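Trainee: Below are the structure tokens for one structure; questions will follow.
Where a number appears in this text, it was derived from the coordinates with a stated rule and is not lab data. It should be emphasised that the depicted structure is a prediction, and the values quoted were computed from it without experimental measurement. Quick reminder, even Gly has a Cβ in these numbers, built from the backbone with ideal geometry, and neighbours come from all protein chains shown.
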Amino acid sequence: MNLSAPKISIDNRRTVAFASQASNVFFHILTQCNLTCRHCYINPEQHGQNMLSADVIDAWLSVFAKKCHEPNVIFLGGEPTLHPHLHRAVRKAQQLGYRSVTVDTNGYLFHDFLTKVSPDVLNYLSFSLDGATALTNDAIRGTGSYEQCVKGILAAVAKGFNTSLIYTVSRMNLHEIELMPALLKKLGISRFFIQVIGLRGNSASASHHCQKHSDPCERLSIDKNEWIERIPAVAKQVAELGIATVYPKVYLDYEEPFYCAGKVARNYFIFPNGRVYQCPLCEDFPLHSYMMNTGTDHHPVLTETERINESDLFNLDIPEGCVMNKLIQPENISYMEDGSPEYKIGCCLLKEEL
Ligand code: SF4
Ligand code: SF4
């Protein structure tokens with residue numbers, strides 16, 4: 001252990017409140033990807049199969065730069081580095097005054113991406129790795145993906161980029177989560193994001209059949225006790241190494257306040273077919289609250305969609321907490337004898353930070 005690292009108590013964790021001033025733009029510029037991960041949430045039927053042109057990306061970035069005060073942008077895909085003009089989009093976001101610019105990648109870094117951007121225009125490069133070993137990661141993300149991701153991280157760190165690592169916890173990789181602190185330190189990662197296996201895309205359908213794999217998959221999500229016993233302890237170990245650590249606050253005690261980010265925060269999840277959602281759990285359904293359309297002056301314009309849409313769900317007040325969780329995955333909730341829920345499910349965008 002690094003003796004100079006600060007002592008982190010689990011009680012030093014901070015629930016990151018939804019800041020009404022901060023806006024986040026999650027910009028999926030394409031849906032194509034070179035990998036076929038088991039838990040992928042991309043759903044071409046709902047999100048489109050087109051790659052936005054460089055001009056359209058610039059124009060849509062301008063729309064959100066005007067709508068929000070200094071938003072953060074996270075470029076996503078598919079694999080965003082498959083877009084030959086991603087470097088131009090990164091620069092455009094910086095010129096438009098975005099507070100921070102992040103690219104989420106699977107590590108393949110196509111089109112020599114690292115040679116076309118520099119740490120002064122790109123605040124974070126976030127890599128997805130779902131195992132501490134190639135055996136586990138590659139079973140989830142595909143053969144050779146561990147080696148390529150590690151290679152990408154080392155190249156980015158050597159060039160002075162701030163690197164993050166995203167680990168999506170599932171039944172397939174929970175057994176290696178305790179190996180992650182040492183690996184993160186060895187790779188020179190500066191931020192660690194633990195995610196819970198999604199309720200969207202392949203993982204949502206995993207209990208019966210994956211969308212991208214011909215074999216039936218087992219249920220991938222882990223249960224409440226496993227999450228509470230394992231995840232906060234690993235997060236604390238990582239934080240003790242001086243690495244900023246963020247993980248979702250999945251379960252809320254019954255008396256804890258519940259907030260739906262769709263009502264109190266400004267998050268925009270943009271897809272290449274023009275759909276703009278405020279809740280990631282709604283992305284498998286045509287419930288988007290906005291749509292990018294073309295205005296009479298031929299410029300893009302953000303238009304509210306007709307009701308009923310996701311915003312109607314945000315306003316439902318139920319004892320179980322998150323309405324979408326109750327609709328999509330009711331088995332996540334247990335009830336007491338009198339019929340009241342034992343705990344609430346927090347908003348998937350609510351995080352604990354160490
Ligand atoms: S999870 Fe990411 S890297 Fe994996 S298939 Fe989906 S878009 Fe590609
Ligand atoms: S995950 Fe649940 S609580 Fe969060 S924005 Fe969506 S509906 Fe609201």
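Trainee: When a footprinting reagent is the concern and you count Cβ atoms within 10 Å, what order do 42, 333 take, fewest first?
Mentor: Starting with the residue having the fewest Cβ neighbours, the order is 333, 42.
Trainee: Just how far, in whole angstrom, is segment 280-354 from segment 71-143 if you go by their alpha carbon centroids?
Mentor: The distance from the Cα centre of segment 71-143 to that of segment 280-354 comes to 26 Å.
Trainee: One-quarter of the Cα convex hull surface for segment 36-161, in nm²?
Mentor: 8.1 nm²
Trainee: Related question: How large is Rg/Rh for segment 10-353, to two decimals, with Cα atoms and a Kirkwood Rh? Could you put the intermediate results ahead of the total?
Mentor: Numbers: Rg = 19.5 Å, Rh = 20.7 Å.
Dividing the radius of gyration by the Kirkwood radius yields 0.94.
Trainee: Going through segment 71-159, which trypsin sites (Lys or Arg not before Pro) have at most 16 other Cβ atoms within 10 Å and a DSSP loop state?
Mentor: Values: sites: 88, 91, 92, 99, 116, 141, 151, 159; in loops: 99, 159.
In loop regions of segment 71-159 (DSSP not H, G, I, E or B), the sparsely surrounded trypsin sites (Lys or Arg not before Pro) are 99, 159.
Trainee: Report Rg/Rh for segment 20-68, rounded to two decimals, where Rg is the Cα radius of gyration and Rh the Kirkwood radius.
Mentor: Working: Rg = 13.4 Å, Rh = 12.8 Å.
Ratio value, two decimals: 1.05.
Trainee: Please pull out the direction-averaged projected area of segment 246-304, using the convex hull of its alpha-carbon atoms, in nm² to one decimal place.
Mentor: Numbers: hull surface 23.4 nm².
Result: 5.8 nm².
Trainee: log₁₀ I(q)/I(0) of segment 132-189 at q = 0.13, 0.27, 0.30 Å⁻¹, via Debye over equal Cα point scatterers, no solvent, to two decimals?
Mentor: Evaluating at q = 0.13, 0.27, 0.30 Å⁻¹ gives log10 I(q)/I(0) of -0.33, -1.23, -1.35.
Trainee: Within 10 Å, count the other beta carbons around each residue, average over each peptide in 48-54, 293-299, 222-228, 122-128, and list them highest first.
Mentor: Ranking, from highest mean packing down: 122-128, 48-54, 222-228, 293-299.
Trainee: A further question follows. Once phi is turned into θ = phi - 60°, what whole-Hz ³J(HN,Hα) does the Karplus curve with 6.51, -1.76 and 1.60 give for every residue of segment 243-255, x standing for Gly and Pro?
Mentor: Working through the residues one at a time gives 9, 4, 10, 10, 9, x, 8, 6, 10, 10, 4, 4, 7 Hz.
Trainee: Where does the chain land at 222 nm, in deg cm²/dmol rounded to the nearest 500, when only DSSP H runs of n ≥ 4 count, each adding -39500 (n - 2.57), divided by all residues?
Mentor: On the way: 12 runs with 98 residues, N = 354.
That comes out to -7500 deg cm²/dmol.
Trainee: What number, in percent, do you get for the relative contact order of the chain if the mean sequence gap of Cα pairs under 8 Å and at least 6 apart is divided by its residue count? Walk me through the numbers before you get to the answer.
Mentor: Values: 701 pairs, mean separation 71.3, N = 354.
It rounds to 20 percent for the chain.
Trainee: Pull out the extension gain between residue 301 and residue 255, defined as 0.36 nm times the separation in residues minus the alpha carbon to alpha carbon distance; nm, one decimal.
Mentor: Values: separation 46, 0.36 × 46 = 16.56 nm, distance 4.16 nm.
Full extension from residue 301 to residue 255 adds 12.4 nm.
Trainee: Among the listed pairs 66/186; 92/185; 66/236; 185/344; 116/151; 185/351, give every one whose C-alpha distance is greater than 29 Å. Walk me through the numbers on the way to the answer.
Mentor: Details: 66/186 41 Å; 92/185 32 Å; 66/236 39 Å; 185/344 34 Å; 116/151 18 Å; 185/351 22 Å.
Table pairs above 29 Å Cα-Cα are 66/186; 92/185; 66/236; 185/344.
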